[in-house]
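To start, the structure itself, in structure tokens.
The values are calculated or read from the model by the stated rules, or taken from the named source; none is laboratory data. Note that the structure is predicted; figures quoted are calculated from it, not measured. Cβ: placed from backbone, ideal geometry, glycine included. Neighbour counts: every protein chain shown.
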Amino acid sequence: MSHQITVQPSGRQFAADAGETILDAALRQGFTMPYGCKDGACGSCKGKVLAGTVDHGKAQPQALKDEEKAAGLALFCCARPQSDLTLQCKQLTSGADIPVKTLPSRIEKLERLAPDVIEMHLRLPASERLQFLAGQYIDILLKDGKKRSFSLANAPHDDAFLQLHIRHVAGGLFTDQVFSTMKVRDILRFNGPHGGFYLREDSAKPMILLAGGTGFAPIKAIVEHAIAEQCRRPMHIYWGAKARADLYQNSLPERWAAENANITYIPVLSEPAADDRWSGRIGFVHRAVMDDFPDLSGHQVYACGAPVMIDAARSDFVGICKLPEEEFFADAFSFSTT
């Protein structure tokens, strides 16, 4: 049996399945509320139950005192609804709402997605979780004090592991290690989340989601978050790459488009190889957007890729296609070998 949960002051509603905690139900359906350990110990997810009853589960006494329970407070990571509920809780809608942490992690998986792209899964300590907004990034902290930034490719509700898409940069201090000596169970430290590249959920405008190469990673996170929260805004995904092999998860956006009427997907290759047998769009990916949407005045654009792509898209979308400058959100990838 499921229970309906209404959150004030936003008025947002979602359902919790039988035996499901309030937090798990919220995250599964794209509602981002504060949390920390997910284990009833830190108190970060504490909020008030305005109406209805809950089972407090494994909430630990130091995080939720008896007098707090009596006052209607609960830890949403542990509390399970026993009736329909009305809660008082703030929805996180900006990066400033989320604390930045420095944490250790263990490499759980290294999967080659393309000759020069590896997907890395990072497992956090059992008592820790990283809260973030879809599209944000983390800094991997290297032993010499340097850092390397990578966007999170997973949506916040899918946080068992942190997923990174790492492209090999020849001579790269970090990526050379990833593609040669790094192995499962190695330890990496990181700091995050960071960045202002995330979905603006207070808008109803159609979205252009523009990715170049591994800029697909944060776009993937944003789309999966939007699907989880049952967002019905039109989403037009454009993924640009050099050759067919560089569209390293092409079947995934194809599936999104097949399963969701509000999603379209247009892959674009700039230099398809002869054996690619490519019959799709060719050229610069942002030019494909301009061909399809000569007037962007009523849209939002989320763009992630190389700085040259971001700069060209911003200039042309704003200057030619009438996109309001404040509706262009971007994350430019740069690569370093030092």
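The table for this structure:
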item: First in the stretch 176-199 and within 16 Å of F329 (Cβ to Cβ), second anywhere and exposed (fewer than 13 other Cβ atoms within 10 Å of the Cβ), Cβ under 6 Å, 6 or more apart; result: none
item: Test: residue in the stretch 306-316 that is assigned to a loop (DSSP other than H, G, I, E, B) and surrounded by fewer than 22 Cβ atoms within 10 Å (Cβ to Cβ); result: yes
item: Matching option when the condition is more than 25 Å from V169 (Cα to Cα) and among the polar types (S, T, N, Q), among N262, N191, N250; result: N262
item: Residue list for the stretch 317-330, filter: touching a helix residue (DSSP H, G or I) at 6+ places or on another chain (Cβ under 6 Å) and either under 30 Å from F174 (Cα atoms) or in a helix (DSSP H, G or I) (or both); result: V318, E325, A330
item: Residues of the stretch 172-217 satisfying the condition of being part of a loop (DSSP other than H, G, I, E, B) and more than 30 Å from D295 (Cα to Cα); result: G172, L173, F174, F179, S180, T181, M182, K183, V184, R185, D186
item: Any hit, the stretch 251-273, residues being of a type outside the set (G, A, S) and at pLDDT below 95; result: yes
item: Scope the stretch 155-182; condition under 20 Å from C304 (Cα atoms) and either crowded, with 21+ Cβ neighbours inside 10 Å or of a type in the set (A, V, I, L, M) (or both); matching residues; result: A155, P156, L162, Q163, L164, H165, I166, R167, V169, T175
item: Qualifying residue in the stretch 109-117 (condition: touching a Gly at 6+ places or on another chain (Cβ under 6 Å) and either surrounded by fewer than 16 Cβ atoms within 10 Å (Cβ to Cβ) or touching a residue at least 60 places away in the same chain (Cβ under 8 Å) (or both)); result: no
item: Any hit, the stretch 34-56, residues being crowded, with 19+ Cβ neighbours inside 10 Å, over 21 Å from H157 (Cα atoms), more than 20 Å from the chain's Cα centre (by Cα) and not small (G, A, S); result: yes
